[in-house]
Amino acid sequence: MENATPKAFANPDYFGVVDLREALRERLTIIHDEASRRDADTHTERLRVVSEKIDKLAAALPHPIDPRLAHYLQRRSYDKALEFIESTIRQ
């Protein structure tokens, strides 16, 4: 059976993938935000909130999803998940 994920990702509205991509990008922005890191409690809270958002969006993806993406999300390898999504869907 052929994996349908890459074809489905060709549509940028693919059932939440764009939202997941944006949440993953948001996480990177928070991580690299020097001003945010000056207040450790606020920074940690921002990361917690975006991480919960990522978890919810990942859980809402229709199955089956590509096994590599599933692996990255389960292991919280969010940089790799973002790279996979960006290389798979059209911008």
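The values are calculated or read from the model by the stated rules, or taken from the named source; none is laboratory data. Computed from a predicted model, the values in this text were never measured in an experiment. Note that each Cβ is placed from the backbone with ideal geometry, even for glycine, and that neighbours are counted across all protein chains shown.
With modelled with pLDDT under 95 and surrounded by 12 or more Cβ atoms within 10 Å (Cβ to Cβ) as the only criterion, which of Ala81, Ala70, Ala35 stands out? Answer to the check: Ala70. Considering (1) in contact (Cβ under 8 Å) with a residue 40 or more places away in the chain; (2) farther than 13 Å from Ala23 by Cα; (3) among the small types (Gly, Ala, Ser), the lone condition that Ala81 does not fulfil carries the number (2). Would segment 50-69 turn up any residue that is farther than 18 Å from Gly16 by Cα, part of a loop (DSSP other than H, G, I, E, B) and free of Cβ contacts under 8 Å to residues at least 40 places away in the same chain? For segment 50-69, residues farther than 18 Å from Gly16 by Cα, part of a loop (DSSP other than H, G, I, E, B) and free of Cβ contacts under 8 Å to residues at least 40 places away in the same chain: absent. Residue check: Ile54 meets all listed conditions (1) under 17 Å from Lys80 (Cα atoms); (2) at pLDDT below 90 but one, namely (2).
Scanning segment 32-48 for residues that are more than 20 Å from Gln74 (Cβ to Cβ) and not acidic (Asp, Glu) yields His32, Ala35, Ser36, Arg37, Arg38, Ala40, Thr42, His43, Thr44, Arg46.
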